[in-house]
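Novice: Handing you a structure now.
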Amino acid sequence: MKVIIETLEQIVRDMGADAEVVLTRPDAQFGEFACNVALQLSKQLGKNPREIAQDIADKMTTIPEVRTVNVAGPGFINITLTDEALYEIISQPQAKTLQGRKILVEYSDPNPFKPLHVGHLYTALVGDTMARLIENAGAETIRLNYSGDVGLHVARSMWAIIRYIGGESPDKLDDVPEAERAEWLGVRYVEGTAAYEDDEAAKAEIIECNKRVYALHDADDHESNFAKIYWTCRTWSYDYFPRLYQQLEITPFARFIPESEVTPLGVKTVREQLLKGVYRESDGAVVFDGEAYGLHTRVFINSAGLPTYETKDVGLSLTKWRDYQFDQSIIITAAEQQQYMQVVLKSIEQFAPEPALRTLHLTHGLVKLVGGVKMSSRKGNVLLALELLDASRRAARANRENASEDTVLAAVKYAFAKVKVGGDIVYDPSESVALEGNSGPYLQYAHARACSILSKAQSEKEEGSKKKEELEQDERLLLRKLTEYKDVVEKATTDLMPHHICNYLYELAQEFNRFYEKNRVIGDAREATRLSLVMLYRDTLARGLALLGIAAPESM
């Protein structure tokens, strides 16, 4: 609370000392806030920290918002607020800590011609939550989606597509049903990858196919049969992505950036910086020596003269900077790209330090089903995004026949968000859809239960607006927990860690359950006060779930 911190800071200055004042949240039995500033001042003032703490506590009793101040242990200051102060904390708006900043958030990044796997699903859902947090903090938030429409993975698919349809005959693509196109492309990718790895003749053909894909972009070719096959299948993917995101109920992206758009700038920049010594030639390729910076060397243009992913990321970074002049650019990828991105950004830092130093690369672990193993789309045993969603639907409907799509999405989104970003996720469909335990559907049910209680009141608005009485202990514990919400959201935003919100919402629901088990609401003499608490609880759950992209139903 601002007034508490300001008062403590003034007391410290009046003592002729200097120390950072930080408030923490102790266990409920010790009050709302705790401060260890007395321990910091002991050496400066040459006094026992408990003596200093008592002196500070005596000077804080005049603050209207403070009910009691106690000294504990070697010199901790424990502060208990008045009921009115607790209500005031809740009534204050969320701090807009990122007001005036422009922040790009790039996530999901699926590639055309390939199936969307659970890694794409994870970054789509958790990236959406991070963007919601940043937007909630007042930043101008621009959601970007980068996809690889050129490169060897495309060539593998194109080779297999042409082989499957019996040559460069684009009309044959009309035989693929619209509903099956995404899956059909995924199968072709697996076929092309297997051929590339197992058949030297096929590998040579795929390498040639890769050159043709780049060439059709250079020539802006839309008329050759090869080009028609490419553009048709590319369109299939780009039509499919938004449909999936709409199904996932995530905020629409401001822009899809294909690799083909940024590749020319990347190539031009790398070749210019080659002449300036940032990059160097090695066996016919262009590389960046990362060893000089404690990293490793990577190829940016291969010996065939084709750009690698590294050069495309150079073009992407410079495109973002040119088009947005951002304060921060956040990129979310799998952990396996961590060292790769370090080298790319270090190379960019040599000639364009601002976009490089303003870029934050976040990584996540593997997503597996219970009992599963790491899977690879190259081998065809990838766990697809839709397969995980289908597994959740089956588990939800086995749990209860009328399970809604909102419940399924809540199960998946919450299961992903509650794991600290960076760790592996072992997804258990049955556990994720349960109405008991730390799950999304459990919190949806908690919200619906609060709505049900309020609906039983004769007039929610009238009862909830009556003058509040002095709180009883159980009521106060619930209100105290509600006051933590804004701090938790701020921490989740600062750390870019949505799991803080998940942990809090689950703890809040448990706190409410303890309150409700022991305290009657409807028909009790304290109904007005308790209804106001139920309303605050309901609204806090709804706001927290909204930040996670989860619907808050009024009934289940």
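A short reminder: the numbers here are calculations on the coordinates, not readings from a lab. Remember, predicted model here, so these are calculated numbers, not experimental data. Because the Cβ atoms are built from the backbone with ideal geometry, glycine has one as well, and the counts that use them run over all protein chains shown.
Novice: Which option, [x] 314; [y] 192; [z] 162, is the value of volume of the Cα convex hull per residue in Å³ that was calculated from these coordinates?
Specialist: [y]
Novice: Here's something else I'd like to know. Would you mind calculating the gained length between HIS296 and LYS172 on full extension (0.36 nm times residue separation, minus the Cα-Cα distance), in nm to one decimal?
Specialist: Values: separation 124, 0.36 × 124 = 44.64 nm, distance 4.57 nm.
So the extension gain works out to 40.1 nm.
Novice: Here is a further query. Under 14 Å from a label point 7 Å along Cα→Cβ of ARG243: give me every residue in segment 381-408 with its amide N that close.
Specialist: Once the point is set 7 Å along Cα→Cβ of ARG243, 386 turn out to lie under 14 Å by backbone N, inside segment 381-408.
Novice: Here is a follow-up. Given a Förster distance of 30 Å, report the FRET efficiency between ALA334 and THR235 from their Cβ-Cβ distance, rounded to the nearest 0.05.
Specialist: Numbers: r = 27 Å, r/R0 = 0.89.
Rounded to the nearest 0.05, the efficiency is 0.65.
Novice: Expressed as a rounded percentage, what relative contact order does the chain have, with Cα pairs under 8 Å and six or more residues apart? It would help to have the intermediate numbers written out before the result.
Specialist: On the way: 878 pairs, mean separation 72.3, N = 556.
Across the chain, relative contact order equals 13 percent.
Novice: For segment 404-547, max minus min Cα coordinate along each principal axis, in Å, sorted largest first?
Specialist: Ordered largest first, segment 404-547 gives principal extents of 50, 33, 24 Å.
Novice: Compute the signed sum of charges (Lys and Arg +1, Asp and Glu -1) over the other residues within less than 13 Å, Cβ to Cβ, of GLN350. If you can, show how the numbers build up before the last one.
Specialist: Working: positive: LYS276, ARG280, LYS346; negative: GLU272, ASP289, GLU349, GLU354.
Spelling it out: positives minus negatives among the neighbours equals -1.
Novice: Turning to a different aspect of this structure: To the nearest 500 deg cm²/dmol, what mean residue ellipticity at 222 nm is calculated for the chain from DSSP H runs of n ≥ 4 alone, each contributing -39,500 (n - 2.57), summed and divided by the residues?
Specialist: On the way: 22 runs with 301 residues, N = 556.
Helix contribution divided over all residues of the chain: -17500 deg cm²/dmol.
Novice: Using only the alpha-carbon atoms of segment 2-81, report the extent along each of the three principal axes, biggest first, to the nearest angstrom.
Specialist: Computed over segment 2-81, the largest-to-smallest principal extents equal 31, 23, 19 Å.
Novice: Could you check the simple spin-label distance between ASP221 and ASP424, using points 7 Å along Cα→Cβ, in nm with one decimal?
Specialist: Rounded to a tenth, the inter-label distance reads 4.5 nm.
Novice: Related question: For segment 102-368, what is the per residue volume of the convex hull drawn over the alpha-carbon atoms, in cubic angstrom? Don't skip to the answer; put the middle values down first.
Specialist: Working: hull volume 37.0 nm³, N = 267.
Convex hull volume per residue, Cα atoms: 139 Å³.
Novice: How high is the FRET efficiency from ILE90 to ARG394, r the C-beta distance, R0 41 Å, rounded to 0.05? Could you put the intermediate results ahead of the total?
Specialist: Numbers: r = 40 Å, r/R0 = 0.98.
So, using R0 = 41 Å, E works out to roughly 0.50.
Novice: Tell me, ARG13, ARG25 in order of fewest to most beta-carbon neighbours within 10 Å? Could you put the intermediate results ahead of the total?
Specialist: Values: ARG13 11, ARG25 16.
By the 10 Å Cβ count, ascending, the order reads ARG13, ARG25.
Novice: Related question: Report the calculated FRET efficiency for ARG280 and LYS43 (r = Cβ-Cβ distance, R0 = 51 Å), to the nearest 0.05.
Specialist: Numbers: r = 54 Å, r/R0 = 1.06.
According to the calculation, E is roughly 0.40.
Novice: Arrange the following residues from fewest to most other Cβ atoms within 10 Å of their Cβ: ASP218, ASP109. Could you put the intermediate results ahead of the total?
Specialist: Details: ASP218 11, ASP109 21.
Listing ASP218, ASP109 from fewest to most nearby Cβ atoms yields ASP218, ASP109.
Novice: Report, in listed order, any pair from LYS268/LYS312; LYS346/LYS420; LYS268/LYS320; LYS2/LYS102; LYS368/LYS413; LYS96/LYS481 with a Cα-Cα distance greater than 18 Å. Could you put the intermediate results ahead of the total?
Specialist: Details: LYS268/LYS312 11 Å; LYS346/LYS420 27 Å; LYS268/LYS320 16 Å; LYS2/LYS102 27 Å; LYS368/LYS413 15 Å; LYS96/LYS481 21 Å.
From the list (LYS268/LYS312; LYS346/LYS420; LYS268/LYS320; LYS2/LYS102; LYS368/LYS413; LYS96/LYS481), the Cα-Cα distance tops 18 Å for LYS346/LYS420; LYS2/LYS102; LYS96/LYS481.
Novice: Give the residue list of trypsin sites (Lys or Arg not before Pro) in segment 254-317 that are DSSP loop and have at most 12 other beta-carbon atoms within 10 angstrom.
Specialist: Working: sites: ARG255, LYS268, ARG271, LYS276, ARG280, ARG298, LYS312; in loops: LYS276.
Passing sites in segment 254-317 are LYS276.
Novice: Taking 7 Å along the Cα-to-C-beta vector as the label spot, tell me the ALA72-THR363 distance in nanometres, rounded to one decimal.
Specialist: Rounded to a tenth, the inter-label distance reads 4.0 nm.
Novice: Further, regarding this structure: How large is the dipole of segment 225-268 about the Cα centre if only Lys and Arg carry +1 and Asp and Glu carry -1, each at its Cβ, rounded to the nearest 20 debye?
Specialist: 160
Novice: Moving on. Quick one: if you stick a label point 7 Å off each Cα along the C-beta vector at GLN325 and TYR164, how many nm between them?
Specialist: 4.7
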